[in-house]
Amino acid sequence: MGIKKDIKLAFKLVKDAVSSRKVSRLLRERREAGVELPANHFKIAVYFADGPVNMYQMRQWYKPLARLAETWPVLVLSRTGGGTLTLLEESPLPVAHVRKVSDLEDVIADQDIRIVFYVNQNARNFQMMRYGRRWHVFINHGESDKMYMVTNQFKAYDYSFVAGDAALARLNKVLWDYDFDKRAIKIGRPQADYFTGELPYAPDERQVVLYAPTWEGDRPAAAYGSIATHGVALVSALLGTGRHRVIYRPHPRSGVIDSVYAAANKQIIASIEAANARDSSAQHIYDTGADLGWQLSAADVAIVDISAMVYDRLATGKPLMVTRPLNPVAQIDTSGYLSDCEWLHSADAADVVADVDRLTHDPTAEARLAVWVQRYFGDTTPGAATARFHAAVQHLMDEWERFAALHAGEPEVVDERGMLEGSDGNSEEASEGASEDTEGSDAA
């Protein structure tokens, strides 16, 4: 196992070195074409130390951050070559490739960064967090009741933007001596204001069911994925009715650890292709697109695993079911929505059509859902979350101005040794996609 792991790591390092050279060439071409980052321009940075495999963590923030950038210029700081290549291709925000700490220091010196956002808990976040005189803010990449959402790592940041009352109650159980009133700011789910997009099918009388499972997880306690336990049976049942349209959106990491899980994923994809071949009007969708939004708003019913997808769907206020993990040691927080949700057990997956029909016409379930929507996200009126997000940023900008005035004239001191232990400040610490927050890799 050790040799195999070393070979895999070596392959990733070589792959990222190649990507870094491609990035360097692209950036050089841009400079030669006169396309450079304006100096002293950006006020907000988004720090991303991962590669393409975790790009979904950035993608869900593209639209809210692009809107924010209309007021406060936003720059993405990307540490890996592969991640930077992807960001340069698709990000609506400017991107700086900061492979080395010295690269990072150059950007910091050249810009007026006052707020730094973090979308995950990558260990290399600390290479950025050593810089004072700016607010380091954890914005996460989704709201959920997974154990990742109650990590003590929240304390490392100056502030955290959280969705609502449910998040505060969850954190209050585990974060001792934490000033929630000051450091945890409720913003709702601004991404929900952008749950739109062109549909890849022509709407008709078919009922649309979204099945969006997460990956298998890297430990039993986080084994929330349902593809191998529920997925094949439930998708087969829905494909067979002739009155449902399935949107299948698996997590991009599905099957990376468990070959059985990977095989089940392939089986579902093949069954969708076969169903469309039999009836082209069915227009079932195997969705791997970068944009997440239209799927959540277009589906009449959603079936999701314990992941951020539960709460993204919850923000729409539309019917959903949550798959019950088959592994008995999978940790489930039943103090929140999961204590009152519509569970789908693996034994009932083949009979999912009856559950979908029942849920579609259940006013009691609809009323119960509305209570939880309010608890998790507050006001979900279109635009309300975006307004709270912008107000939170404005508050931090005002606080920055206040502290800058208090400390005017004082030199900034940076501890040149304040980086990850063993780092020389110039090496690529993490291989492509080697995020430390595998628990948080949950948004399908």
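Quick one: Karplus J couplings for segment 365-380, per residue in order, coefficients 6.51, -1.76, 1.60, θ = phi - 60°, nearest Hz, x for Gly and Pro? Calculated HN-Hα couplings, in order: 5, 5, 5, 5, 4, 4, 5, 6, 4, 5, 5, 7, 10, x, 6, 9 Hz. Sorting 99-111, 72-84 by their mean Cβ neighbour count within 10 Å, with the most densely packed peptide first, gives 72-84, 99-111. The string of couplings for segment 308-325 from the Karplus curve (6.51, -1.76, 1.60, θ = phi - 60°) is 5, 4, 4, 8, 5, 5, 4, 5, 7, x, 9, x, 8, 10, 10, 6, 7, x Hz, one whole number per residue in order, with x for Gly and Pro. Of the trypsin sites (Lys or Arg not before Pro) in segment 217-312, the ones in a loop by DSSP (not H, G, I, E or B) with at most 16 other beta carbons within 10 Å are R243. Need the full-extension length gain, V18 to V371, defined as separation in residues times 0.36 nm minus the C-alpha distance. One decimal, nm. Gain in length upon complete extension: 122.0 nm.
3J(HN,Hα) couplings calculated from phi for segment 104-112 with the Karplus curve 6.51 cos²θ - 1.76 cosθ + 1.60 (θ = phi - 60°) are, in sequence order, 4, 4, 4, 5, 4, 5, 8, 10, 10 Hz; Gly and Pro show x. Panel order for R189, R249, by other beta carbons found within 10 Å of each beta carbon, from fewest to most: R249, R189.
Calculate, in whole percent, how much of the Cα-Cα pair population of segment 207-377 lies beyond 29 Å. Counting pairs separated by more than 29 Å, the tail of P(r) holds 13 percent. For segment 87-225, the convex hull drawn through the C-alpha positions has a volume of 184 cubic angstrom per residue. Neighbour counts of other Cβ atoms within 10 Å put I272, I306 in the fewest-to-most order I272, I306. For I303, nonlocal amide neighbours, meaning residues 5 or more places apart or on other chains whose placed amide H falls under 5 Å from its own, are L210, Y211, A212, M321. Sorting L88, L326 from the fewest to the most surrounding beta carbons within 10 angstrom yields L326, L88. Take the Cβ atoms of E70 and E198, set R0 to 30 Å, and the FRET efficiency comes out at 0.80. Considering segment 49-162, its Cα convex hull presents a mean projected area of 7.0 nm². Other residues lying with their Cβ under 11 Å from the Cβ of L234 contribute a combined charge of -3, Lys and Arg counting +1, Asp and Glu -1.
Here, each number is a calculation from the coordinates, and none is a lab measurement. Remember, it's a predicted structure, so these values are computed and weren't measured experimentally. So basically every Cβ, Gly included, is an ideal-geometry build from the backbone, and we count neighbours across all protein chains shown.
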